[in-house]
1. Fully extended, how many nm does the chain gain between Met106 and Ala36 (0.36 nm per residue separation, minus their Cα-Cα distance)?
2. How large is the direction-averaged shadow of the alpha-carbon convex hull of region 1-50, in nm²?
3. What is the sum of charges around Leu13, taking Lys and Arg as +1, Asp and Glu as -1, for the other residues whose C-beta is under 14 Å from the C-beta of Leu13?
4. Just to be sure I understand: with springs between alpha-carbon atoms less than 10 Å apart, which residue in Arg88, Arg72, Arg20 has the highest mean-square fluctuation in the Gaussian network model of the chain?
5. How large is the helix-only mean residue ellipticity at 222 nm for the chain, computed as the sum of -39500 (n - 2.57) over DSSP H runs with n ≥ 4, divided by its residue count, in deg cm²/dmol to the nearest 500?
6. Apply 1/(1 + (r/R0)^6) to the Cβ-Cβ distance of Glu44 and Leu74, taking R0 = 41 Å, and write down the FRET efficiency to the nearest 0.05.
7. Rounded to whole Å and sorted largest first, list the principal axis extents of the Cα atoms in region 20-112.
8. So, for the chain, what is the accessible surface per residue at a probe of 1.4 Å, expressed in square angstrom?
Amino acid sequence: MHKDDAAAGLNELEGYLMSRAAHQAAAREAADFADALPWLGSAEREDLVRLYAARHLVRTRQTLHEVAGRSRELREEYSRRYQTLRCRMLALTLLGSALTLFIFTMILARPA
């Protein structure tokens with residue numbers, strides 16, 4: 001098994017566990033909400049819990065997609081900034097080296 005295969009497997013497992021945790025949290029929140037409405041019949045309560053949990057999962061999924069999208073945007077922005085900084089540092093290093101070489105050349109070429 002390659003390192004990439006292991007990492008992909010761990011990512012898949014992590015995704016599955018996070019999905020299960022989200023489903024359980026949605027079900028708990030839905031049940032807590034339904035418990036606050038004691039006049040519901042059992043069929044009504046089950047429908048409410050199912051619908052509430054489903055909507056909770058949709059909101060969670062939307063939020064995750066928004067966060068992931070923003071994360072990608074930030075990664076791209078910081079990558080561009082880092083590339084710009086690297087280019088500036090390279091230019092300054094080359095300029096400093098050229099200036100240093102020029103000064104040493106002038107000092108060495110100076111008549112004694």
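The values are calculated or read from the model by the stated rules, or taken from the named source; none is laboratory data. These figures come from a predicted structure and were not determined experimentally. Don't worry about glycine lacking a Cβ; one is built from the backbone with ideal geometry, like all the others, and counts go over all protein chains shown. When the accessible area is computed, the model is the full protein with side chains, heavy atoms only, and any ligands, DNA or RNA have been set aside. Shrake-Rupley method; radii C 1.70, N 1.55, O 1.52, S 1.80 Å.
1. Working: separation 70, 0.36 × 70 = 25.20 nm, distance 8.68 nm.
Length gained between Met106 and Ala36: 16.5 nm.
2. Numbers: hull surface 15.6 nm².
Dividing the Cα hull surface by four gives the mean projection, 3.9 nm².
3. Values: positive: Arg20; negative: Asp5, Glu12, Glu14.
Residues near Leu13 contribute -2 overall.
4. Fluctuation is largest for Arg88.
5. Numbers: 2 runs with 101 residues, N = 112.
Mean residue ellipticity at 222 nm (helix-derived): -34000 deg cm²/dmol.
6. Numbers: r = 45 Å, r/R0 = 1.09.
Computed FRET efficiency for Glu44 and Leu74 comes out at 0.40.
7. Largest to smallest, the principal-axis extents are 106, 19, 15 Å.
8. Details: 9820 Å² over 112 residues.
Result: 88 Å² of accessible area for each residue.
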